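What follows is one structure encoded as structure tokens, with my remarks underneath.
The values are calculated or read from the model by the stated rules, or taken from the named source; none is laboratory data. These figures come from a predicted structure and were not determined experimentally. No Cβ is skipped: glycine too gets one built from the backbone with ideal geometry, and neighbour counts run over all protein chains shown.
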Amino acid sequence: MEAIVLVGGLGTRLKTIVSEVPKPMAAIGGYPFLTYLLEYLSKYNIKKVILATGYMHEKIMDYYGYRYGGIVIDYSIEYEPLGTGGAIKKALENVSEKDVFILNGDSFFDINLNHIYSKHLAIDADLTLSLNP
């Protein structure tokens, strides 16, 4: 399984608090927030993650490199802002499987990815969304 994590935003609302790193690298409990997302994905046997980067992408690449535990990390780098849809479209060029999870790199809610994927396959969906109020 593969996942795309959107980590390329400018983080303008948090810039006064987190200015030296991109928002997904903000320290939470001593670790970058993105680490928690990678741990979560690892729990569901995701083997490849494409980090859709942009703003301060070097900081993310320097910290994580090309592997995190059992996850291979690939990068899709925006050199000019493409917006959410553009970032996803660009990152999809790096996907090798038919289906892929797409997550925001600055938010988290615990949902069983195996359950969502099973439902997705059972109804032969083109797209499945998970939303949290």
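Checked against (1) touching a strand residue (DSSP E or B) at 6+ places or on another chain (Cβ under 6 Å); (2) closer than 14 Å to residue 25 by Cβ; (3) not β-branched (Val, Ile, Thr), residue 66 passes all but a single condition, namely (2). Only one of the numbered conditions (1) farther than 20 Å from residue 107 by Cβ; (2) touching a Lys or Arg at 6+ places or on another chain (Cβ under 9 Å); (3) not basic (Lys, Arg) is violated by residue 55, and that is (1).
May I ask you to verify whether residue 72 is out of contact with any Cys (no Cβ under 7 Å at 6 or more places or on another chain), β-branched (Val, Ile, Thr), modelled with pLDDT of 95 or more and closer than 14 Å to residue 101 by Cα?
no
Within segment 89-133, the set of residues being farther than 21 Å from residue 35 by Cβ, touching a Ser or Thr at 6+ places or on another chain (Cβ under 9 Å) and not in a loop (DSSP other than H, G, I, E, B) comprises 90, 92, 116, 117, 119, 120.
Within segment 113-133, the set of residues being exposed (fewer than 13 other Cβ atoms within 10 Å of the Cβ), farther than 25 Å from residue 82 by Cα and touching a helix residue (DSSP H, G or I) at 6+ places or on another chain (Cβ under 9 Å) comprises 125 only.
Counting only residues that are in contact with a helix residue (DSSP H, G or I) (Cβ under 6 Å, 6 or more places away or on another chain) and modelled with pLDDT under 80, segment 1-21 holds 4 of them.
Residues checked against (1) surrounded by fewer than 19 Cβ atoms within 10 Å (Cβ to Cβ); (2) farther than 21 Å from residue 96 by Cα; (3) in contact (Cβ under 8 Å) with a residue 60 or more places away in the chain:
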position: 20; (1), (2), (3): yes, yes, no
position: 38; (1), (2), (3): no, no, no
position: 42; (1), (2), (3): yes, no, no
position: 47; (1), (2), (3): yes, no, no
position: 57; (1), (2), (3): no, yes, no
position: 60; (1), (2), (3): no, yes, no
position: 66; (1), (2), (3): yes, no, no
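Per the conditions (1) loosely packed, with under 11 Cβ neighbours inside 10 Å; (2) among the hydroxyl-bearing types (Ser, Thr, Tyr); (3) free of Cβ contacts under 8 Å to residues at least 60 places away in the same chain, the sole criterion not satisfied by residue 96 is (3).
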